[in-house]
1. Pick out the one residue from A:Lys116, A:Lys64, A:Lys69 that is at pLDDT 95 or above and under 24 Å from the mean Cα position of the chain (by Cα).
2. So for the stretch A:40-50 (the condition being touching a strand residue (DSSP E or B) at 6+ places or on another chain (Cβ under 8 Å), modelled with pLDDT of 95 or more and on the phi < 0 side of the Ramachandran plot), does at least one residue qualify?
3. Considering every residue within the stretch B:125-136, establish whether at least one is crowded, with 21+ Cβ neighbours inside 10 Å, in contact with a Ser or Thr (Cβ under 6 Å, 6 or more places away or on another chain), part of a loop (DSSP other than H, G, I, E, B) and modelled with pLDDT of 95 or more.
4. Which residues, counting only those in the stretch A:154-198, are part of a helix (DSSP H, G or I), buried (at least 23 other Cβ atoms within 10 Å of the Cβ) and within 9 Å of chain B (Cβ to nearest Cβ)?
5. Can you name the residue in the stretch B:86-104 that is in contact with a helix residue (DSSP H, G or I) (Cβ under 6 Å, 6 or more places away or on another chain) and more than 7 Å from chain A (Cβ to nearest Cβ) and is also nearest to B:Lys117 (Cα to Cα) among such residues?
6. Any chance you could count how many residues in the stretch A:199-222 are surrounded by fewer than 21 Cβ atoms within 10 Å (Cβ to Cβ) and either among the polar types (S, T, N, Q) or touching a Pro at 6+ places or on another chain (Cβ under 6 Å) (or both)?
7. Going by the structure shown, is A:Phe22 of a type in the set (Phe, Trp, Tyr), part of a helix (DSSP H, G or I), closer than 18 Å to A:Pro278 by Cα and open to solvent by less than 20 Å² (accessible area, probe 1.4 Å)?
8. Which one of the conditions (1) in contact with a Gly (Cβ under 9 Å, 6 or more places away or on another chain); (2) of a type outside the set (Asp, Glu); (3) within 7 Å of chain A (Cβ to nearest Cβ) does B:Ala76 fail to meet, given that it meets all the rest?
Number of protein chains: 2
Amino acid sequence: MGYVDFVHPGYKPGKSDLICLFRITPAKGISMREASGRVASESSNGTWTDVSLHDERIVRLGAKAFETKGSFVKIAYPIGLFEPGNMAQLLSSFAGNVFGMKAVSGLRLEDVAWPKKIISSFMGPQFGIKGIRKIFRVYDRPLTATVPKPKVGMTSDEHAKTGYEAWMGGLDLLKDDENLSSQSFNKFDRRVEKSFRMRNLAEKQTGDVKSYLVNVSAETNEMLRRARLVKKIGGEYVMVDAITVGWSAVQTLRDECEDLGLAIHMHRAMHAAMDRNPMHGVSMLTLSAISRLVGVDQLHIGTVVGKLVSPKKEVTDIQDKMVSKKSKKILNQNWENTKPVLPVSSGGLHPGLVPDVMRIMGSDIVIQAGGGIHGHPDGTRAGATALLQSINAVTQGVSLADYAKSHIELRKSLEHWGHLKPV
Amino acid sequence: MGYVDFVHPGYKPGKSDLICLFRITPAKGISMREASGRVASESSNGTWTDVSLHDERIVRLGAKAFETKGSFVKIAYPIGLFEPGNMAQLLSSFAGNVFGMKAVSGLRLEDVAWPKKIISSFMGPQFGIKGIRKIFRVYDRPLTATVPKPKVGMTSDEHAKTGYEAWMGGLDLLKDDENLSSQSFNKFDRRVEKSFRMRNLAEKQTGDVKSYLVNVSAETNEMLRRARLVKKIGGEYVMVDAITVGWSAVQTLRDECEDLGLAIHMHRAMHAAMDRNPMHGVSMLTLSAISRLVGVDQLHIGTVVGKLVSPKKEVTDIQDKMVSKKSKKILNQNWENTKPVLPVSSGGLHPGLVPDVMRIMGSDIVIQAGGGIHGHPDGTRAGATALLQSINAVTQGVSLADYAKSHIELRKSLEHWGHLKPV
């Protein structure tokens, strides 16, 4: 079969087809039609030369490039090409060799519409937004989190003490940084033990539920051991760097967490290596859908306003993909019974930025600040309090400037980061 | 600490430092010096704002941008930042958030020089090139492999029969395609059983050693189950799509394969999503070093001459990284006792291209052809024979045109793909 056998303008995808939306930049001398056909061929069952076996049964499994608008092409894949429940296999199919083809000079997987049979083959989030809110009994405001800073270098004791200060200042969650796992200065087992001891103390003293997102990222078996330790010691969550551990390990962790009753917080470190270029790679929108399928409960999606790149439309599209029952960004997706994923806004945030974040993303989010809390002139506890005050101001419809008049921690925070002139 | 605290021109890295070579495109209005400092900061222990704790102990853990040449910057990371043996943690550090920073408009991790303590914390290849050659008792020519084509759609019986034809034609290895795992048309357990039955027959009939690269890519526990089945049924190898399953699962597989005595063949599907752009992402050179550390025995590195993008210098640099005891492309690397990885050349190859491939890559490789074998006018067995004939011609220093005079399978192959005019 040649590439033309994989181009079917006007084809109407069946309900069980998986649809990919690609942005294609054809190589020099290659037409859009040829490039689309070659991508569909390489990502399904074509090969570069004619081979003997190509009966009806084989032809039926071919992908079909069926709609082109400018540089955007939709390709439909028969579900028979895939092993349901195997994310590595799915990606090796439509997001594998195609990125290295000579027929394209750029190729970006913008979005995927997953058929029901694939959706139901993955576990999806165990808790979802409702389940997470139930843990904290907090229903009317964003949840809050902080990462100790400096991100690495603290001892287990310092880490736990920083957590205690943050919890006492009003935050719900302590979180490990993405590059903190088990280093000599702060070993995993010791950190978990110390931090949960302080967590228990903070819960007792405040009467509120507090928790800790423990980074278990490691080789799979060691990761599962760490997750079990978190459960044993009384934790509610594990955190995982999903891109650097990889989807097979995340699937395994999700499976284990079902038994353990632990929620999964996903950090996306390394995502921008493949999603930043608008003309090549895999979009964060696609990665967020994969995260929901595989079944994390929380996922970082950017801030629009902080230190990392994240345009507004991209962030709100991703949020729609994560939380809607029927998401419409960019391809239509019926999520069936898959629970939503709680979006986490983080990256250079401080209390002065909270109104922007909540205006853009609403209340069903986790607001996470690191330096924006620990860098407060009066330290971590005051910084945590300032973050809560900022959220309360927005929730009550009061401007930060007004609210700061009667809330000194917020005032100092706003002054410190230039959102309010010192009195 | 500000970004300037992470810029140390003239710093001499210590033996235990890990060195990253980045290519940086600073964002508009940002100097190279600032961009370098910000990358070093974000990938070690800096944060965007001043925080209270920054004593000598913390400062010591900071990364140091120490050498700039044009857009290339070397950054030294104190080993204390890392958890040895945890690839996810290493990547989340120096190949994590940095790709999404606003301070850069492009960032590419070109190469990493790994210190001895990190090298020795990973398992490395179990077999290496010598060990693989010993399996086959083949020491004087490239090993040979083929993937049944069409790549997906065949039944288990057809797949096994194609393998039999290829083995009988002279090939050493049958290989699953990267998107074939366990689909309804060809279930894993059945394929393994059928294929090894034909393998045993081909061994008996030829007196040669034959083997099969079985794609076990899946959720980690299922992947291990599949690996154990391969062992039980008499296999020598598993194959894994390392990028789509992820490094934590590959580490787990490597660990299991030590016990099972199985070699690991790595396919790199999806690598080009992050390594194709010369200005952003992670280079294949870096991915190949990671593969060697984690411990695969064979790895696809391109062809220079086939259907996928792979410039000559890139391929030979990667080969140096995979096989040398002291590799010098691009950063110097002493591999200590880590065994070499056997490079696999594949992607649109046919017998007519073998002289080019061997001239560029030598004999210590696996030459893999799919369509270039099954597309032979007389079918798979003749195609396999033609590939061996082509290798023999090169080994004996005879031109393909001359060799083809007395070898009809090669002649028909060369005629078919336009490397020889029909007589």
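The values are calculated or read from the model by the stated rules, or taken from the named source; none is laboratory data. Remember, it's a predicted structure, so these values are computed and weren't measured experimentally. A quick note on method: Cβ atoms are made from the backbone with ideal geometry, for glycine too, and the neighbour counts reach across all protein chains shown. Just the protein is used for accessible areas: all its heavy atoms, side chains included, with ligands, DNA and RNA removed. Shrake-Rupley method; radii C 1.70, N 1.55, O 1.52, S 1.80 Å.
1. Working: A:Lys64 fails: under 24 Å from the mean Cα position of the chain (by Cα); A:Lys69 fails: under 24 Å from the mean Cα position of the chain (by Cα).
Of A:Lys116, A:Lys64, A:Lys69, the one residue that is at pLDDT 95 or above and under 24 Å from the mean Cα position of the chain (by Cα) is A:Lys116.
2. yes
3. The answer is no, given that none of the residues of the stretch B:125-136 is crowded, with 21+ Cβ neighbours inside 10 Å, in contact with a Ser or Thr (Cβ under 6 Å, 6 or more places away or on another chain), part of a loop (DSSP other than H, G, I, E, B) and modelled with pLDDT of 95 or more.
4. Once the filter is applied, which keeps residues that are part of a helix (DSSP H, G or I), buried (at least 23 other Cβ atoms within 10 Å of the Cβ) and within 9 Å of chain B (Cβ to nearest Cβ), the stretch A:154-198 yields A:Thr162, A:Phe188.
5. Ranking the candidates gives B:Met87 first.
6. So the answer is 4.
7. The answer is no for A:Phe22.
8. Unmet condition: (3).
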